[in-house]
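Have a look at the structure below, then the notes.
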Amino acid sequence: LGNALRQQGKLQEAIANYRQALQINPDFANAYNGLGNALSDQGKLEEAIENYRQALQINPDFAYAYKNLGYALQQQGKLQEAVQNYRQAIQSDPD
């Protein structure tokens with residue numbers, strides 16, 4: 001539901017749904033990634049980065065979380081760290 005709401009631009013509702021999913025299952029890496037995306041859409045990059053990192057703690061091979069983390073870091077001008085995460089995304093999923 002969070003993903004659908006985010007696609008509709010209903011970011012506050014999406015964020016609430018991702019957080020509810022995480023209350024139900026605190027080890028739901030996809031929900032952390034989705035929450036990070038919605039927060040990034042709002043320009044809340046620090047919070048987004050925290051959520052991408054949480055997703056990666058749960059699933060260290062989560063290519064999309066590495067990609068999204070790289071993008072958020074790039075937006076902050078942290079280019080070396082962004083490149084490292086983009087490389088890790090490719091390593092995790094070369095396709």
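What's the number of the condition residue 33 fails, among (1) in contact (Cβ under 8 Å) with a residue 24 or more places away in the chain; (2) surrounded by 17 or more Cβ atoms within 10 Å (Cβ to Cβ); (3) more than 9 Å from the chain's Cα centre (by Cα)?
The one condition residue 33 does not meet is (3).
Condition first: outside any helix (DSSP H, G or I), in contact (Cβ under 8 Å) with a residue 12 or more places away in the chain and within 15 Å of residue 46 (Cα to Cα). Now tell me which residues in the range 67-95 satisfy that.
Passing the criteria: only 76.
Test each condition in (1) in contact (Cβ under 8 Å) with a residue 12 or more places away in the chain; (2) of a type outside the set (Lys, Arg); (3) in a helix (DSSP H, G or I) for residue 61 and report the one that comes out false.
It fails just one condition, (3).
Every read-out reported here was derived from the displayed coordinates using simple, explicitly stated rules and does not represent laboratory data. All values derive from a computational prediction rather than experimental measurement. All Cβ positions, glycine included, derive from the backbone under ideal geometry; neighbour counts span all protein chains shown.
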